[in-house]
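These notes are about the structure you will find just below.
The values are calculated or read from the model by the stated rules, or taken from the named source; none is laboratory data. Everything numeric here is computed off the predicted structure, so don't read it as measured data. Positions of Cβ are generated from backbone atoms using ideal geometry, with glycine treated the same way; all protein chains shown enter the neighbour counts. Accessible surface is based on the protein model in full, side chains and every heavy atom, while ligands, DNA and RNA are left aside. Shrake-Rupley method; radii C 1.70, N 1.55, O 1.52, S 1.80 Å.
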Amino acid sequence: MGKHSKVIRLACCRNIEIGGVRQWLFIKGKSMNNPFLLFLHGGPGGAEWPLVRKFNLPLENYYTIVYWDQRGAGKSFTGTTPNMHVEQFIADTKAVTDYLQQEFLQTRVFVVGHSWGSLLGMLTAKKYPHLFEGFIGVGQFVSGKENEAISYQFTKDCAKQRKNKRAIAQLEQINQPHPYGTIDPDGKWFNDLLIQREWLFRFEGCIYGESNRLKWALPYFITPEYSWLDFVKFLKGYYYSLRLMWPEIVKYNLFEQIPQMEIPCYFFIGKHDYNTPFELAQRYFEQLKAPRKELIWFENSAHHPMYEEAPKFNALLIDLVR
């Protein structure tokens, strides 16, 4: 679809070179006169297009939705990927935004970042504020070390409250001999992280009031743009990206590194989120300086309010663009 298609419906998948690596974009909208809504998925490596497609497509009446499988994630996973570093992802995000603005002659871009994507979005918007109309953080990442300490303690407390001996034993074991969250040289940290996140899911600190994994996995099998092979790539890409990037990500502290933003910032936070603990997001929001800022609570959500409470999430973004 060329540069003169501003007023017709757009629905396409594009495999383009970004930072020297072929990566996939999914673009859907009713009119190219609408601003872009660029989704930055979590993880790292946690491709989310099938979930966005299932829960958030009503937004395409008001935005042109742009979803991107980042390097090493989802359809963009190729087995091995160079330059899996935060600065490269910032450069990739800028390249994607430049591509959209030049290819489709639309300069208005809102960016939505989920979890790891919220860190990536904040870092990119801080460095290139002129590119974006506003930033929406969902499951907002704030400080890696505090994040892991709070998340671990919540999970351990839940295990004790429920008298789950297996969970207690596993959680106490991964906290020895170093505090949970330590990146140990022998790589034990990775398995520890997976164990803690598994129990966090079971104790509803990741998805609130919903233990049926099939609900969240099924979209990956029925989304037209994803094949069964792509689902395998999604799983491999998630573990690949997380293992490579987590030691760097966990060092970030936005209290110190981004005390101020030059664009409007909106935090959409689940009241039960202990993956990126809601209390950290609230404390950061209170300290953050921005030309406009707003924190919206999702009372029945944990880490995924855009899917857990999709109608509310969609309505808020529609109000924002209006």
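Details
- The alpha carbon centroids of segment 43-71 and segment 85-164 are separated by 14 Å.
- Restricting the trypsin sites (Lys or Arg not before Pro) of segment 262-298 to loop positions (DSSP other than H, G, I, E, B) with no more than 11 neighbouring Cβ atoms within 10 Å leaves Arg292.
- Extension gain, Lys215 to Asp186: 0.36 nm times the residue separation minus the Cα-Cα distance gives 6.9 nm.
- Antiparallel %, DSSP beta bridges [both residues in segment 1-135], to 5: 55 percent
- Cα gyration tensor, segment 1-115 - rounded (a/c under 1.5), prolate or oblate: prolate
- The chain - share of DSSP beta bridges that are antiparallel (%, nearest 5): 40 percent
- Environment charge at Asp192 (Cβ cut-off 13 Å; Lys +1, Arg +1, Asp -1, Glu -1): -1
- For segment 204-322, accessible area per residue (1.4 Å probe, heavy atoms of protein chains only), Å²: 48 Å²
- Helix runs (DSSP H) in the chain reaching 20 Å along axis by Cα, Kyte-Doolittle at least 0.0: 228-249
- Percent accessible area from carbon and sulfur atoms, the chain, protein chains only, probe 1.4 Å: 53 percent
- Rounded to the nearest 20, the Cβ-based charge dipole of segment 222-299 about its Cα centre (Lys and Arg +1, Asp and Glu -1) stands at 160 debye.
- The H on the amide N of Phe267, modeled in the peptide plane, is under 5 Å from the matching H of Gly137, Glu294, Leu295, Ile296, each at least 5 residues off or on a different chain.
- Cα-based values for segment 82-185, radius of gyration first and Dmax second, are 19.3, 58 Å.
- Taking 0.36 nm per residue of sequence separation and removing the Cα-Cα distance, the Glu103/Lys251 pair yields an extension gain of 49.7 nm.
- Sites listed here are GluC sites (Glu not before Pro) in segment 153-247 whose DSSP assignment is loop and whose Cβ has at most 13 other Cβ atoms within 10 Å, and the list is empty.
- Size of segment 169-322: Rg and Dmax of its alpha carbons, in Å, are 17.9, 53.
- Among the listed pairs Lys165/Lys215; Lys163/Lys188; Lys271/Lys312, those beyond 21 Å (Cα-Cα): Lys165/Lys215; Lys163/Lys188
- Of the GluC sites (Glu not before Pro) in segment 229-301, the ones in a loop by DSSP (not H, G, I, E or B) with at most 12 other beta carbons within 10 Å are Glu299.
- Rounded, prolate or oblate (a/c below 1.5 giving rounded, otherwise prolate when a/b exceeds b/c) for segment 271-322 by Cα gyration tensor: oblate
- Net charge contributed by nearby residues that have their C-beta within less than 10 Å of Thr223 (K/R +1, D/E -1): 0
- Total formal charge among the other residues, if their Cβ is under 10 angstrom from that of Arg71, Lys/Arg +1 and Asp/Glu -1: -1
- Where only DSSP H runs of four or more residues are counted, the chain gives -14000 deg cm²/dmol as its mean residue ellipticity at 222 nm, each run worth -39500 (n - 2.57).
- Once the mean of 1/r is taken over each pair of separate Cα atoms and inverted, the chain shows a Kirkwood hydrodynamic radius of 19.9 Å.
- The chain, dipole about Cα centre (Lys/Arg Cβ +1, Asp/Glu Cβ -1), debye to the nearest 20: 580 debye
- Length gained on full extension, Asn33 to Asn83, computed as 0.36 nm times the residue gap minus the Cα-Cα distance: 14.5 nm.
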